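Q: Let me give you the structure first, and then I'll get to my questions.
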Amino acid sequence: MKVELNYGKGMLPVELDDAWRIEVIRKPEMPLAPDPKAAVADALAEPITAAPLAEIARGKRSACILICDLTRPVPNGTVLPVLLRTLLDAGMAADQIRVLVATGLHRPNEGDELAELVGDPWVLDTVRVENHFARRDEDHVDLGTTSKGTRVRLDRRFVEADLRIATGLIEPHFMAGWSGGRKVIAPGVAHAETITRFHSAAFMEHPNAANLVLEGNPLHEEQLEIVHKLGEVYAVNAVIDDRRRLAFVNFGEIERSHLAAVDFVRDYAVVQVPERFSTILTSSAGYPLDRTYYQTVKGMVSPIDILNPGGDIVVVSQVSEGFGSPEYVDAQRRLVALGREAFIDSLLEKRHAAVDEWQTEYQIKAERVGAIHLYTENLSAEERAITGVNMVPCPAQAVRESVARHGDPRVAVIPEGPYVVPMHHPAQTS
């Protein structure tokens, strides 16, 4: 049996034995917006817990619109033109509108990459499009501290705008429960000091800092408290299917509209599975998520609820840009040098995490359940040595060896990787 997994901008075929029992886990088919731009316009006119955007914008002098960086396939080319024309039609001057790329601590998106991200040249020609830089002190405003002691510093371009709108993709997120909404603001346009505080082990080691969990999730709670310090903030929330087509979009007050989008996507992205598997074959979702090893970790974490303890997860990821940040490389080197438990012990007393070491922390969470095996055509020998996982030359062979090792012919295949979260839900017997 041949299965195909998301890999780069295409699919990676993997031939599996016909004698095995293969369970391919996908989202249910999503309803699609027949006219995506009309769906955006309707959302702006019929908001959640807010007035229509045209009314909100009337009389406002300036606006700042946040967009995610290139690690998220948000349909900006569909959303931004409709959003911007609504603001212009409401009387706002183009030179008072700024689109800000919410990079968090990721690198900026510039040149051709920025054009790809924005998705419509008219946007680039009409308004300012700029990147957030988390380490530039002068770019941020201090908004005090949260109840948990996080010093809140956010990009002044967003804080000082009369109208603040965050746009994002709603999908499962392995730390914050769900992406989008409040997450586009923090960490999206937060200062490094703020980000490294609520990405410290005090937050990350909490059992509710996990996929699909909002209630009791300390990251989610901290993000909401940060957003509430801003006052009036709105969001455009988009959901796409496995072919990156718009399935859902809404607009409104940031917290309520985000929850409404989560309610929609939960029925598709969360798949109940009646059994656990000793062998799982999955992806890192393909482009743009699988450009770095840093993002590939999400593919390791998402299926752990259906992995038998001691089982194997085989992940395919193109990793076309290598590891990620220098700080992440350093964290992985420390992992290999110290070992998993000593690495975690080194985090527990730190008030602020080192940049990007939280991704190493989550790799360890997956490895506590089972073994991770990675197939990629990229990464240097030095980089492969510090992944901390088992590098495999052929995903089909890795699956074959796992089946033999466990004596179990059942194999779960998740082509879309972390965009689908399988949850173990035993079948009810009468």
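Q: For ASP112, indicate whether it is in the same structural domain as VAL233 (by TED's automatic domain parsing) and more than 28 Å from the chain's Cα centre (by Cα).
A: So ASP112 does not fit the description; no.
Q: Of everything in the range 397-422, what is crowded, with 18+ Cβ neighbours inside 10 Å and either of a type in the set (Asp, Glu) or more than 22 Å from the chain's Cα centre (by Cα) (or both)? Give them in sequence order.
A: ALA398, VAL399, SER402, VAL403, VAL411, ALA412, GLU416
Q: State the number of residues belonging to the range 230-261 that are under 17 Å from the mean Cα position of the chain (by Cα) and farther than 21 Å from LEU80 by Cα.
A: Here the count works out to 2.
Q: Let me ask something additional. Of the conditions (1) under 30 Å from LYS148 (Cα atoms); (2) surrounded by 16 or more Cβ atoms within 10 Å (Cβ to Cβ), TYR375 clears all except one; give me its number.
A: Of the numbered conditions (1) under 30 Å from LYS148 (Cα atoms); (2) surrounded by 16 or more Cβ atoms within 10 Å (Cβ to Cβ), the odd one out for TYR375 is (1).
Q: Do we have GLU361 as closer than 25 Å to ASP305 by Cα, among the charged types (D, E, K, R), out of contact with any Cys (no Cβ under 9 Å at 6 or more places or on another chain) and buried (at least 18 other Cβ atoms within 10 Å of the Cβ) here?
A: The answer is yes for GLU361.
Q: Does at least one position in the range 267-278 carry a residue that is free of Cβ contacts under 8 Å to residues at least 60 places away in the same chain and within 18 Å of the chain's Cα centre (by Cα)?
A: So far as the range 267-278 goes, no, none of its residues is free of Cβ contacts under 8 Å to residues at least 60 places away in the same chain and within 18 Å of the chain's Cα centre (by Cα).
Q: Pull out all pairs, ordered by first then second residue, where Cβ-Cβ is under 8 Å, the residues are six or more apart or on different chains, the first lies in the range 199-222 and is in the same structural domain as ALA186 (by TED's automatic domain parsing) and touching a residue at least 12 places away in the same chain (Cβ under 8 Å), and the second is assigned to a loop (DSSP other than H, G, I, E, B) and hydroxyl-bearing (Ser, Thr, Tyr).
A: Hits for this filter: ASN211/SER302; GLU222/THR146; GLU222/THR150.
Q: Does TYR268 count as closer than 17 Å to LEU5 by Cβ, aromatic (Phe, Trp, Tyr) and surrounded by fewer than 24 Cβ atoms within 10 Å (Cβ to Cβ)?
A: No, not satisfied.
Q: Every residue in the range 115-133 that is without any contact (Cβ under 8 Å) to a residue 24 or more places away in the chain and more than 24 Å from the chain's Cα centre (by Cα), please.
A: PRO121, LEU124, ASP125
Q: Could you please find all residues in the range 44-79 being touching a strand residue (DSSP E or B) at 6+ places or on another chain (Cβ under 7 Å) and of a type in the set (A, V, I, L, M)?
A: LEU44, ILE48, ALA50, LEU53, ILE56, ALA57, ALA63, ILE65, LEU66, ILE67, VAL74, VAL79
Q: Hey, another quick one. I'd like the full set of residues that are at pLDDT 95 or above, closer than 22 Å to GLN96 by Cβ and not in a strand (DSSP E or B), limited to the range 48-75.
A: ALA50, ALA51, PRO52, LEU53, ALA54, GLU55, ILE56, ALA57, ARG58, LYS60, ARG61, SER62 - these are the residues of the range 48-75 that are at pLDDT 95 or above, closer than 22 Å to GLN96 by Cβ and not in a strand (DSSP E or B).
Q: Any residue at all in the range 274-296 that's touching a strand residue (DSSP E or B) at 6+ places or on another chain (Cβ under 8 Å), in a loop (DSSP other than H, G, I, E, B) and farther than 25 Å from GLU29 by Cα?
A: No, because not a single residue in the range 274-296 is touching a strand residue (DSSP E or B) at 6+ places or on another chain (Cβ under 8 Å), in a loop (DSSP other than H, G, I, E, B) and farther than 25 Å from GLU29 by Cα.
Q: Now for a different question. I'm trying to understand the selection: among the residues of the range 346-373, which are among the aliphatic types (A, V, I, L, M), touching a helix residue (DSSP H, G or I) at 6+ places or on another chain (Cβ under 7 Å) and not in a loop (DSSP other than H, G, I, E, B)?
A: Hits for the range 346-373 are LEU347, ILE364, ALA366, ILE372.
Q: Grab the helices (runs of 4 or more DSSP H) fully contained in the range 170-251, keeping just those with 1 or more residues being over 30 Å from PRO34 (Cβ atoms) and among the hydroxyl-bearing types (Ser, Thr, Tyr).
A: Of the helices (runs of 4 or more DSSP H) lying wholly inside the range 170-251, those with at least 1 residues that are over 30 Å from PRO34 (Cβ atoms) and among the hydroxyl-bearing types (Ser, Thr, Tyr) span 192-198.
Q: So ARG135 passes all but one of these: (1) out of contact with any Phe, Trp or Tyr (no Cβ under 7 Å at 6 or more places or on another chain); (2) assigned to a strand (DSSP E or B); (3) not β-branched (Val, Ile, Thr). Which condition number does it fail?
A: (2)
Q: Please give the number of the condition PHE343 fails out of (1) in contact with a Lys or Arg (Cβ under 9 Å, 6 or more places away or on another chain); (2) among the hydrophobic types (A, V, I, L, M, F, W, C); (3) part of a loop (DSSP other than H, G, I, E, B).
A: (3)
The values are calculated or read from the model by the stated rules, or taken from the named source; none is laboratory data. Owing to the predicted nature of the structure, the values given are computational and were not obtained by experimental measurement. Please note: Cβ atoms are built from the backbone with ideal geometry, for glycine as well, and neighbour counts cover all protein chains shown.
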